[in-house]
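Each remark here refers to the structure printed beneath this line.
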Amino acid sequence: MTSADMALPAQDERTMPAVVLRDLDQRPLDHALTELHALTEQYGYVVVVCSQAVPEPVVRRLYTLRSLLESDRIALFRPELPPLGTAVLARQLRQLASCDLSPGVLASAGRLLTHYIHAGAVLGSVTRLDRVPVGLKAHAKSWVPGSQFAVVAHPEPQLVKVAPGATLKGPEFSTWMLVAKGQLQTDWIAGLAEAWGPHGLRETPLPAESPRWWGTGRMVEFCSYLADLSVLYQLVTSVRQSRCHWCGLDVIGDLCVFCSATPPVHEPPAPRALEQRTPA
């Protein structure tokens, strides 16, 4: 991770601890280079997970470090998820890191698991939201004092004005829900949690990158996700593996996350359907 607030607490006793590469764009290049080299030598392979709201200087520094080390053992993974969803995905990979998965399979598992994350937010304004399609009517309503909007950014965009009876389509399998509160007061999340029916609801501090991603600090971010390690492991191991023709790692999917090579004659795996949860 590139920031400490994206390193969520361990989900269980087997969850591997996160390593935070702090202040990459502010520290001397040689210090950051030494740290990343030491991590690579210690663990063999390193997967750096960061959100798409990470400041551009940090992203440039990551690519510079990887280039200077001339290493295909460092993967830079920036999933198309909001910051809270990215933090959840990183923790899922930390859970799987305790299992008997090869580095290539573990790294490419992140692309598979994004399909099972439902990530969104309740926003006080959508005037600066550019990650989800926003109609002209919603933009106009956003200027009305007290207006709130509920948005799902992943796996498919949804946007509704918060009002009695308004809801969002959620997962059709059993999940947990994580909520991070920003500068917005709303009770609507409780109703959404009741509609989605997660096993439980937990709270965490709002990631510092979330206001940049959503275009406002007046928000409450939420994420529904799979928490059981056995389910995560079964999902990953049920997908056909192939060997990367460039670096030789076993991978799943249509891209090696470490060297960015595409395995020849291989179809990307379709997300596996999970058993529908029974309504309470």
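The values are calculated or read from the model by the stated rules, or taken from the named source; none is laboratory data. Computed from a predicted structure; not experimentally measured. For neighbour counting, all protein chains shown are included, and Cβ atoms are generated from backbone atoms with ideal geometry for every residue, glycine included. Just the protein is used for accessible areas: all its heavy atoms, side chains included, with ligands, DNA and RNA removed. Shrake-Rupley method; radii C 1.70, N 1.55, O 1.52, S 1.80 Å.
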Taking 0.36 nm per residue of separation and subtracting the Cα-Cα distance, what length does fully extending Val58 through His37 add? 5.9 nm
What cysteines in the chain have no other cysteine with a beta carbon less than 4.7 Å from their beta carbon? Cys50, Cys99, Cys223
So if R0 is 25 Å, what FRET efficiency would Leu274 and Glu194 give, r being the distance between their Cβ atoms, rounded to the nearest 0.05? 0.75
Through the Karplus equation 6.51 cos²θ - 1.76 cosθ + 1.60, θ set to phi - 60°, convert the phi angles of the range 163-175 into ³J(HN,Hα) values in whole Hz; use x for Gly and Pro. 7, x, x, 6, 8, 10, 5, x, x, 9, 9, 6, 9
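So what's the net charge close to Pro55: Lys and Arg +1, Asp and Glu -1, counting the other residues with Cβ under 12 Å from its Cβ? List each step's numbers first, then the result.
Working: positive: Arg60, Arg61, Arg212; negative: Asp23, Asp25, Glu56, Glu209.
Net of charged neighbours comes to -1.
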Difference of contour (0.36 nm per residue) and Cα-Cα distance, Ser260 to Arg131: 43.9 nm
Nearest-0.05 FRET efficiency for His245 and Leu69, computed from C-beta distance (R0 22 Å): 0.45
Sulfur and carbon atoms: percent of accessible area, the chain [1.4 Å]: 51
Compute the relative contact order of the range 13-158 as a whole-number percentage, counting only Cα pairs closer than 8 Å that sit 6 or more residues apart in sequence. 22
Placing +1 on the Cβ of each Lys and Arg and -1 on the Cβ of each Asp and Glu in the chain, which of Cys99, Cys256, Leu123 has its Cα farthest towards the positive end of the resulting dipole? Leu123
Helix-only estimate, please: 222 nm mean residue ellipticity of the chain, summing -39500 (n - 2.57) across DSSP H runs of length 4 or more and dividing by its residues, to the nearest 500. -9000 deg cm²/dmol
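Would you work out the charge dipole size for the chain about its Cα centre, treating the Cβ of every Lys and Arg as +1 and the Cβ of every Asp and Glu as -1, and quote it to the nearest 20 debye?
Computed charge dipole of the chain: roughly 660 debye.
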Quote the relative contact order of the chain in percent (integer), defining contacts as alpha-carbon pairs under 8 Å separated by 6+ residues. 20
